[in-house]
Amino acid sequence: MKGKAAAVEIKNFKEFVAFILSELKPKGKLLTPFNVISAPIMLLGAVLMVIHLTGFAEVTHLSQEFPWGIWIGFNVMVGVAFAGGAYVLTFVVYVLRSEKYHPIIRATVLNGFLAYVFYAGALALDVGRPWNMVNVLVGNSFGVGSILFLVAWHFLLYMVAEFIEISPAFAEWLGWKRVRKFLCTLTLGAVIFGITLSTLHQSGLGALFMMAKGKIHPLWYSEYVPILFLVSSIFAGISLVIFEGSISHRVFKDKLSYEYRTSYKDMMVGLGKICAGAMFVYFFLKLVLLIHGGHWSLLNTPMGYWYLIEVVGLVAIPCFLFLQGARYKNLTLIRVATVLAMLGIVINRLNYSVIAYKWWIPFSQRYVPSLGEIVIALTFVFINIWAFRWIAMRMPIFEAPPAWAVEEDEREEEDFAFEPKLGVTMADGGKKMVERER
Amino acid sequence: MGIGRRVFLKGLGAGIAGVTSGSILTPDKLGATESAGSKEIAGSEEFMGVLIDTTRCVGCRSCEVACAEAHNFPVPDIEDESVFETPRQPTESQWTVVNRFETEKGEVFVKKQCMHCNQPACAAACLVNAMRKTKEGPVVWGENCMGCRYCMFSCPFDIPKFEYGKWNPKIQKCNLCWERLKKGEKPACVEACPEEALTFGSRRNMIEEANRRIYGSPGEYVSHIYGEHEVGGTGYLYISPVPFEQIGFPTDLGTTAYPEYTTGFLFSVPFVLILWPALLSGISYATKWKEEKRKEGGTR
């Protein structure tokens, strides 16, 4: 099935502006339950942000003892882990060339891109002197030995890579045929660059905690935190893809392409399998570290019980559920496992930055997020969802690309397939020789 | 010609180091050093430090007053004895505090402030070099800070403090009177101490002096200089009549400099940056060939 028959033809700047303005208008119902809940929270969040930035009143419950709160621990740490789906799926689709997951690749990359944009936004709100963030990029005072320097650069470069990956959808929306052709040639490069960056900054987020030795409970602290963060980002990201798919499947019902609808269940089952595999590796690593660390005795303490809830209840059990769900192709089981796994990631990342950090401090003096902090944290999540919805309603994210784009891709593929048969150039002749030898 | 080539290769090496994100720097190179008229500070070929002899401190808090006056902070009321009831931490408007501890040898007063580590975690954490270890020894903070508070998260002594609730918050912590050092003066607290509990000088000389006192008066001190090896060595050094855990010091920090905990990861970065794209391109090439085959087979 091919998508929209005719692409919008934009001839001049005036038409471009008119097109953008017409697209800015809301599509679909305004008074949905989600809008009714999220809009007031976002409004309140915006007001609180202004109060926070002007220093008019203290919005957060951060203290000298607990310098990092939920904007870092939840929005940045958890948000980036959840955005990991993009690098895993681009690897599967563009590097391994598994066509099976092609229908969900755009939604996943878009989600990853938006997550980075808005959670970098949360970071900008969290830092006390945001105007100095530019010092990471320009100037002559680079903290090149800082893990955070590495993470910051990788965040930025990865955003660019993800934008390049998703940009053909923008070009299709605007009807820019030649631009799209050019952007499509960049995809594979951006994907390879993006996976490399993701490997480094997903683990880099874990490496941030290396210098907090002694401040993070020994059940969580180890030299292998970077590897744990990397492995957990695989199933965190894929869990979010399943979660998002379960919702999009309903919300964007009339937008879904034929391929998406027919292969939806297969894809979810396959993703469940990936999750089960990654979670098994992760659980195994956790077990090895527990044995190596010799922290058995700590298990029988309050923090030990908390650790067991995380590692057994929210890693081992969902791992098993994913396995069963994939085996019996049971979507309900996979969805239950997804929610548990996502909860496990939220708790894990918060443990490092907030809960298991300075665990000896009594609860009364501990950091507990203020209502304002929670509202702002939710605001970032809702902005992300609104932006996602806005784009998905207008651009070919779930639906098939416009007919002209599909035709172009097919033409490219044909050219490509015929190329060796023409056998005119030396290179092609060489190829033929090699093939004959095989 | 030979020299020219060597210079060229050096430049090339530096260029490559820079391109691969520069993360291959070893911890002792971390933190840009800034010299400001180092000739004026005697003995500053090596890090300067302060030796605190807790047996001499009487808890007069003159150092707190001198510190506040030197850095334009509200001057604390030293008549108020109630501050000794619970151990205090330095705050964003008070860079140094004196605490009282009840020990097996009676009351011991301990001054607390930034330790000025040889290889500070805070400076290694800083992504814009706002927090940096100067060549002369003080760990100082600069205005180009973005307020991410990673230094606070990393400091093993929990020293850096943040001015929450301001529109342009600063990180506040002892700077070893860097501005006075540049003028050839001693830190304000050292100068103010009436009991000579604080001694300022090169770190090496301070360790020698500490050892001289420990060996010279057996039984008066425990045989340990806190800060000689802790977290790779610190600028502030302490000697004490009682074991250090009795006077509020963390004694489980180890002797590894904190930035070294991240070097393993940083070393791996250039390798991943080079190997991953090559590996991924290779896989992509292999799968492409396979796909071509499949498609060709399909059309026939």
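The values are calculated or read from the model by the stated rules, or taken from the named source; none is laboratory data. Every value quoted in this text rests on a predicted model; they were computed, and no experiment measured them. Using ideal geometry, Cβ is built from the backbone for each residue, glycine included, and neighbour counts are taken over all protein chains shown.
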For A:Glu172, work out the one condition from (1) on the phi > 0 side of the Ramachandran plot; (2) away from every other protein chain (no Cβ under 14 Å) it doesn't fulfil.
-> (1)
Answer yes if at least one residue in the stretch A:160-183 is crowded, with 23+ Cβ neighbours inside 10 Å and in contact with a strand residue (DSSP E or B) (Cβ under 9 Å, 6 or more places away or on another chain), and no otherwise.
-> no
Reported set for the stretch B:68-86 where residues are part of a loop (DSSP other than H, G, I, E, B) and either away from chain A (no Cβ under 14 Å) or touching an Asp or Glu at 6+ places or on another chain (Cβ under 7 Å) (or both) is B:His71, B:Asn72, B:Phe73, B:Pro74, B:Val75, B:Pro76, B:Asp77, B:Ile78, B:Glu79, B:Asp80, B:Glu85
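Here are B:Leu253, B:Leu266: which of them is in a loop (DSSP other than H, G, I, E, B) and either closer than 15 Å to B:Ala121 by Cβ or among the hydroxyl-bearing types (Ser, Thr, Tyr) (or both)? Quick ask: steps written out before the conclusion?
On the way: B:Leu266 fails: in a loop (DSSP other than H, G, I, E, B).
After ruling out the rest, the residue left standing is B:Leu253.
Taking A:Ile291 as the residue in question, decide whether it is touching a residue at least 40 places away in the same chain (Cβ under 8 Å), in the same structural domain as A:Leu333 (by TED's automatic domain parsing) and β-branched (Val, Ile, Thr).
Details: touching a residue at least 40 places away in the same chain (Cβ under 8 Å): no; in the same structural domain as A:Leu333 (by TED's automatic domain parsing): yes; β-branched (Val, Ile, Thr): yes.
So A:Ile291 does not fit the description; no.
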Which numbered condition B:Pro160 fails, given (1) under 23 Å from A:Ile216 (Cα atoms); (2) at pLDDT below 95; (3) more than 7 Å from chain A (Cβ to nearest Cβ) = (2)
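Where in the stretch A:44-150 are there helices (runs of 4 or more DSSP H), lying fully within it, with 1 or more residues that are under 24 Å from A:Ala212 (Cβ atoms) and without any contact (Cβ under 8 Å) to a residue 40 or more places away in the chain?
Numbers: elements: A:79-82, A:85-90, A:102-126.
The helices (runs of 4 or more DSSP H) meeting that bar are A:102-126.
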Selection from the stretch A:392-403 of residues that are in a helix (DSSP H, G or I) and surrounded by 18 or more Cβ atoms within 10 Å (Cβ to Cβ) = A:Ala392
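For the stretch B:180-195, name all the residues that are out of contact with any His (no Cβ under 9 Å at 6 or more places or on another chain) and either of a type outside the set (Lys, Arg) or within 14 Å of chain A (Cβ to nearest Cβ) (or both). Explain how you work it out, then say what you get.
Our first condition is that a residue be out of contact with any His (no Cβ under 9 Å at 6 or more places or on another chain); within the stretch B:180-195, this holds for B:180-187, B:189-195.
Those that are out of contact with any His (no Cβ under 9 Å at 6 or more places or on another chain) and either of a type outside the set (Lys, Arg) or within 14 Å of chain A (Cβ to nearest Cβ) (or both): B:Leu181, B:Gly184, B:Glu185, B:Pro187, B:Cys189, B:Val190, B:Glu191, B:Ala192, B:Cys193, B:Pro194, B:Glu195.
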Within the stretch B:252-267, residues within 9 Å of chain A (Cβ to nearest Cβ), surrounded by fewer than 16 Cβ atoms within 10 Å (Cβ to Cβ) and either polar (S, T, N, Q) or closer than 27 Å to A:Phe193 by Cα (or both) come out as B:Thr256, B:Gly264
Any idea which residue in the stretch A:35-94 is farthest from the chain's Cα centre (by Cα), counting only those that are among the polar types (S, T, N, Q) and away from chain B (no Cβ under 11 Å)?
-> A:Asn35
Out of curiosity, is A:Ile374 in a loop (DSSP other than H, G, I, E, B) and of a type in the set (A, V, I, L, M)?
-> no
Somewhere in the stretch B:130-153, is a residue surrounded by 24 or more Cβ atoms within 10 Å (Cβ to Cβ), over 20 Å from A:Ser141 (Cβ atoms) and within 14 Å of chain A (Cβ to nearest Cβ)?
-> yes
Report yes if some residue within the stretch A:72-82 is surrounded by fewer than 23 Cβ atoms within 10 Å (Cβ to Cβ) and of a type in the set (A, V, I, L, M, F, W, C); otherwise report no.
-> no
Criterion: at pLDDT below 95 and more than 30 Å from B:Tyr258 (Cβ to Cβ) - qualifying residue of A:Leu186, A:Leu240, A:Leu271 = A:Leu186
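Out of everything in the stretch A:284-316 that is β-branched (Val, Ile, Thr) and surrounded by fewer than 18 Cβ atoms within 10 Å (Cβ to Cβ), what residue ends up being nearest to A:Val346 (Cα to Cα)?
Here is the first cut: in the stretch A:284-316, the residues β-branched (Val, Ile, Thr) are A:288, A:291, A:301, A:309, A:311-312, A:315.
If we keep only those that are surrounded by fewer than 18 Cβ atoms within 10 Å (Cβ to Cβ) too, we end up with A:288, A:291, A:301, A:309, A:312.
Numbers: A:Val288: 22, A:Ile291: 24, A:Thr301: 22, A:Ile309: 13, A:Val312: 15 Å.
Filtering the stretch A:284-316 for residues that are β-branched (Val, Ile, Thr) and surrounded by fewer than 18 Cβ atoms within 10 Å (Cβ to Cβ), the one nearest to A:Val346 (Cα to Cα) comes out as A:Ile309.
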Starting from residues that are out of contact with any Pro (no Cβ under 6 Å at 6 or more places or on another chain) and within 14 Å of chain A (Cβ to nearest Cβ), keep the ones in the stretch B:227-244 and report whichever is surrounded by the most Cβ atoms within 10 Å (Cβ to Cβ).
-> B:Glu230
Residues of the stretch B:92-113 satisfying the condition of being in a loop (DSSP other than H, G, I, E, B), away from chain A (no Cβ under 14 Å) and in contact with a Phe, Trp or Tyr (Cβ under 9 Å, 6 or more places away or on another chain) | B:Gln113
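Which one is farthest from A:Val47 (Cα to Cα) among residues in the stretch A:357-391 that are more than 17 Å from the chain's Cα centre (by Cα) and crowded, with 22+ Cβ neighbours inside 10 Å?
Of everything passing the filter in the stretch A:357-391, A:Tyr357 is farthest from A:Val47 (Cα to Cα).
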